[in-house]
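The values are calculated or read from the model by the stated rules, or taken from the named source; none is laboratory data. All values reported here derive from a predicted model rather than from experimental measurement. All Cβ positions, glycine included, derive from the backbone under ideal geometry; neighbour counts span all protein chains shown. Just so you know, the surface numbers come from the protein's heavy atoms only, side chains and all, with ligands and any DNA or RNA stripped out. Shrake-Rupley method; radii C 1.70, N 1.55, O 1.52, S 1.80 Å.
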Amino acid sequence: ALMYATNVGGSWGTTTVDSTGNTGQYTSIAVGTSGAAYISYYDVSNFKLMSATNVSGSWGTTTIDSANGTRTGQYTSIEVGTSGAAYISYYDVTNTNLMYATNVSGTWGTTTVDSTTSADTGAYSSIAVGTSGAVHISYYDVTNGNLMYATKAVGGSWGTSTLDSVNDTGQYTSIAVGTSGAVYIAYYDNTSKDLRYATKDVGGAWGTTTVDNTNDTGLY
């Protein structure tokens, strides 16, 4: 079951959000400006991407991508914009693609962001939305062992870049965007067993750094 915990009332309490079948893997959570919570997750029984929110006052769930029986919706990451729209990145297991879903138009729509024919790509994604409304996703190219980055400006189209191709690197990504528009990514180098970091200022170039190389460190 998908579970939710909060101490918003002063002490910790837990709630079962979705207990239909085997569900609730690969969760990600975001909180909107109204204080409502939004969760993306994977329905294991039905192989689909789900979302849940209590924006109405009680929990409701929605199927975002069921893709005609394909396995899709793993490694979810969710962000909520200032307008209350939600943005989700996730992995299409069957087609080995990076996927994106948003309800910014009022209804949910899904897009394939990276479907490189020869590559299994899109695992371990993380999503962030800048103050301009631009969307940023970090993810792992499984076939080539690279850290990848995708971005789309408002009204623009998706572009993808390889940020780190030294060793087998780029697992367990986490991304954030500052108020200036600078982008920050944490990730794991599976060859050197190190915690790595990538960043880019607005108008600048990407740079990567080893943050911690003591023993095997930097997972998740």
Quick check: net charge around Met99, other residues with Cβ under 11 Å of its Cβ, Lys/Arg +1 and Asp/Glu -1?
-3
Shape call for segment 92-152, from the Cα gyration tensor axes a ≥ b ≥ c (a/c under 1.5 means rounded, otherwise prolate when a/b beats b/c, else oblate), comes out oblate
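Going by the alpha-carbon gyration tensor, a ≥ b ≥ c the square roots of its eigenvalues, is segment 24-114 rounded (a/c under 1.5) or, if a/c is not under 1.5, prolate (a/b greater than b/c) versus oblate?
prolate
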On average, how much accessible surface per residue is there in the chain, in Å², for a 1.4 Å probe, leaving out ligands, DNA and RNA?
47 Å²
Eligible aspartates and glutamates near Lys200 by straight Cα distance, threshold 14 Å, same-chain separation 8 or greater:
Asp164
Express the relative contact order of the chain as a whole percentage, based on alpha carbon pairs under 8 Å and six or more residues apart in sequence.
10 percent
With unit charges on the beta carbons (Lys and Arg positive, Asp and Glu negative) and the dipole taken about the Cα centre of segment 20-151, which residue among Tyr124, Asn146, Asn103 sits farthest to the positive side?
Asn103
For segment 62-158, listing chymotrypsin sites (Phe, Trp or Tyr not before Pro) in a DSSP loop whose Cβ sees at most 16 other Cβ atoms within 10 Å gives Trp158
In whole Å, what are the extents of the chain along the principal axes defined by its C-alpha atoms, from largest to smallest?
46, 41, 38
So the carbon and sulfur contribution to the accessible area of segment 1-148, 1.4 Å probe, in percent, is 45 percent
Using alpha-carbon positions, the gyration tensor of segment 1-41 gives root eigenvalues a ≥ b ≥ c; with a/c under 1.5 called rounded, otherwise prolate if a/b exceeds b/c, else oblate, the class is oblate
Environment charge at Ile127 (Cβ cut-off 12 Å; Lys +1, Arg +1, Asp -1, Glu -1)
0
